[in-house]
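J.: Shown below is the structure under consideration.
Nothing in this text is a laboratory measurement; each read-out follows from the coordinates by a stated rule. Model, not experiment: these values are computed from the prediction. Please note: Cβ atoms are built from the backbone with ideal geometry, for glycine as well, and neighbour counts cover all protein chains shown.
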């Protein structure tokens, strides 16, 4: 067995997998890869504190190296970008005020976990970008019954994959066909919006903080970047594993560039009491 090749002898938690090469790499190598990438997507489980700590570590490493990437966040909706820009333009550095300006949903997004990222960006005077498709636009799109404007035609294969993702994400509950179709279009629009935000940054690029599904190269944000930019992107997913999990196999091939395995967060059953609207 080659050095670094995945094996079933060592638990996965804490290890970093280079998906394309099928080998484990060091933290230093991951940092070097991030430093050499114009865009870095850090895909998280939103309620895992370890993921947030690792995101902050990577962001801080980039900034300390002399890079000045924008901080793009799924947690800010695009409609609030003008207020964020105005706050930053007047020299606002108080992170609570910046969160207010961007209408950060502190309860829904667990503000203390994201605050270190915003603090570092504010202290360094880096752009803070609202990356998410607005909730109002998403609701309107879901109700319209129309495909999202400006996106490639939805193929049967992509439709089936996104449908599976959404049903599994809602604990196996299947919404009505019209609602499910609208949810699929809203998901596509959300990924396309995040890609557009990345594409409009300058040579310094950006770090994108988003759920791990948005980091997928096959149907997440990278898929909506112009082809010329896809090679400048590093997709890192932080994925939870059970303590006994070992060999990852090929399940992540073509999904991400790197996978950083972590322990699971302690959480209540997210499916308890869930009902579809």
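J.: Does a label point 7 Å from the Cα of residue 160, set along Cα-to-beta-carbon, have any residues of the stretch 174-201 with amide nitrogen under 20 Å, and which are they?
T.: Answer for the stretch 174-201: 174-175, 177-178, 180-185, 188.
J.: What residue among 42, 158, 198 shows peak mean-square fluctuation when the chain is described by a Gaussian network model with Cα springs under 10 Å?
T.: Its mean-square fluctuation being the largest, the pick is 158.
J.: Same structure again: When only C-alpha pairs under 8 Å and at least 6 residues apart count, what is the relative contact order of the stretch 162-277, in percent?
T.: 25
J.: Right, next: Compare 116, 82, 152 in a GNM of the chain, Cα atoms joined below 10 Å, and give the one with the largest fluctuation.
T.: Of the options given, 152 has the highest mean-square fluctuation.
J.: Here's another thing I want to ask about it. Quick check on the chain: helices-only [θ] at 222 nm, where DSSP H runs of length 4 and up contribute -39,500 (n - 2.57) each and the sum goes over total residues. Nearest 500, please.
T.: Mean residue ellipticity, 222 nm, calculated: -12000 deg cm²/dmol.
J.: For the chain, list log₁₀ I(q)/I(0) at each q in 0.13 Å⁻¹, using the Debye formula over Cα point scatterers of equal strength and ignoring solvent, two decimals each.
T.: Relative scattering, expressed as log10 I(q)/I(0), comes to -0.92.
J.: Would you mind classifying the stretch 79-164 by shape? Square roots of the alpha carbon gyration tensor eigenvalues, ordered a ≥ b ≥ c; an a/c under 1.5 is rounded, otherwise it is prolate if a/b is larger than b/c and oblate if not.
T.: Prolate is the answer for the stretch 79-164, as a/c is 1.5 or above and a/b outweighs b/c.
J.: Calculated FRET efficiency, residue 105 and residue 253, Cβ-Cβ r, R0 30 Å, to nearest 0.05?
T.: 0.30
J.: Kindly state, to the nearest 0.05, the FRET efficiency for residue 90 paired with residue 228, given R0 = 45 Å and r defined as their beta-carbon distance.
T.: Efficiency, from the Cβ-Cβ distance: 0.80.
J.: Now a separate question. Relative contact order, percent, of the chain when contacts are C-alpha pairs under 8 Å separated by at least 6 residues?
T.: 34 percent.
J.: Most mobile of 107, 115, 143 per a Gaussian network model of the chain (Cα springs, under 10 Å)?
T.: Ranking 107, 115, 143 by mean-square fluctuation puts 107 first.
J.: For a paramagnetic label modelled at 7 Å from the Cα of residue 167 toward its Cβ, which residues of the stretch 194-213 fall within the zone defined by backbone nitrogen distances under 20 Å?
T.: Hits in the stretch 194-213 for residue 167 at 20 Å: 213.
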